[in-house]
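Novice: One structure, pasted below without further comment.
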Amino acid sequence: MISEWLARVGSAIPRGFSRHYILTLLKEKPMTGKEIIDKATAQTEGRWKPSPGLIYPLLGRLLDDGLVMENEGGKYSITKKGLAIINDLESLNGVIHKQLDAMLRVGTIGKAVATDLVDRVITIGNVISANADIMSRDDRNKYRQFLLSELKKLDEQEKGREEKGHKIE
């Protein structure tokens with residue numbers, strides 16, 4: 001999925017993406033900074049090669065924020081706080097994917113809107129990811145509730161169209 005996304009956006013990595021990416025990798029298993037760089041390069045088939053000048057200072061900030069910890073041997077692992085942030089973002093991601101699926105089913109116009117929305121959502125998601133540690137749980141819950149209410153509206157509209165006999169493509 002990351003390779004497909006990078007193919008669309010080219011080499012421009014949105015602000016906050018690296019932070020989210022590192023936390024996601026560390027959720028899978030502890031890694032060194034070099035392993036993170038190598039994994040990013042391999043996953044993107046060389047389209048994104050994060051430099052040590054990006055990764056190591058970012059790991060330092062994640063350490064300072066209490067989102068990761070450094071183990072013996074120089075490997076970093078995600079903390080409970082970091083895991084909570086990633087889990088919240090993954091929940092939001094699930095809601096967003098459901099919304100996009102619904103829009104894609106409404107045909108060409110929905111597909112164009114969805115494509116534009118994907119770009120916007122990625123940007124918003126990365127901003128949230130970059131600032132999630134300074135957002136209160138209440139703020140994150142409010143945002144989650146907003147997204148869930150929007151998804152419910154889409155589901156209700158889709159159900160109404162189906163009941164009226166409109167075919168959803």
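The values are calculated or read from the model by the stated rules, or taken from the named source; none is laboratory data. The structure displayed is predicted, hence computed values, not measured ones. Please note: Cβ atoms are built from the backbone with ideal geometry, for glycine as well, and neighbour counts cover all protein chains shown.
Novice: Could you look through segment 125-169, keep only residues that are outside any helix (DSSP H, G or I) and exposed (fewer than 14 other Cβ atoms within 10 Å of the Cβ), and pick out the one that is modelled with the highest pLDDT? Step through it out loud before you land on a result.
Specialist: Step one: filter segment 125-169 for residues outside any helix (DSSP H, G or I), giving 132-136, 164-169.
Right, trim to exposed (fewer than 14 other Cβ atoms within 10 Å of the Cβ) and you get 134, 136, 164-169.
Values: I134: 74, S136: 78, K164: 70, G165: 66, H166: 54, K167: 51, I168: 48, E169: 47.
The selected residue is S136.
Novice: How about segment 71-82: which of its residues are touching a helix residue (DSSP H, G or I) at 6+ places or on another chain (Cβ under 7 Å) and surrounded by fewer than 16 Cβ atoms within 10 Å (Cβ to Cβ)?
Specialist: Within segment 71-82, the first condition is being touching a helix residue (DSSP H, G or I) at 6+ places or on another chain (Cβ under 7 Å), and the residues that meet it are 76-78, 82.
Across segment 71-82, the qualifying residue is only S77.
Novice: Now for a separate question. Looking at G46, G53 in this structure, which one is assigned to a loop (DSSP other than H, G, I, E, B) and of a type in the set (G, A, S)?
Specialist: Details: G53 fails: assigned to a loop (DSSP other than H, G, I, E, B).
G46 is the lone residue from the list that is assigned to a loop (DSSP other than H, G, I, E, B) and of a type in the set (G, A, S).
Novice: Hey, can you tell me all the residues within segment 49-69 that are surrounded by fewer than 18 Cβ atoms within 10 Å (Cβ to Cβ) and not charged (D, E, K, R)? Before you say what the answer is, go through the steps one by one.
Specialist: Of all residues in segment 49-69, those surrounded by fewer than 18 Cβ atoms within 10 Å (Cβ to Cβ) come to 49, 51-54, 56-57, 60-61, 63-66, 69.
Within segment 49-69, S51, P52, G53, L54, Y56, P57, G60, L63, G66, M69 meet the criteria.
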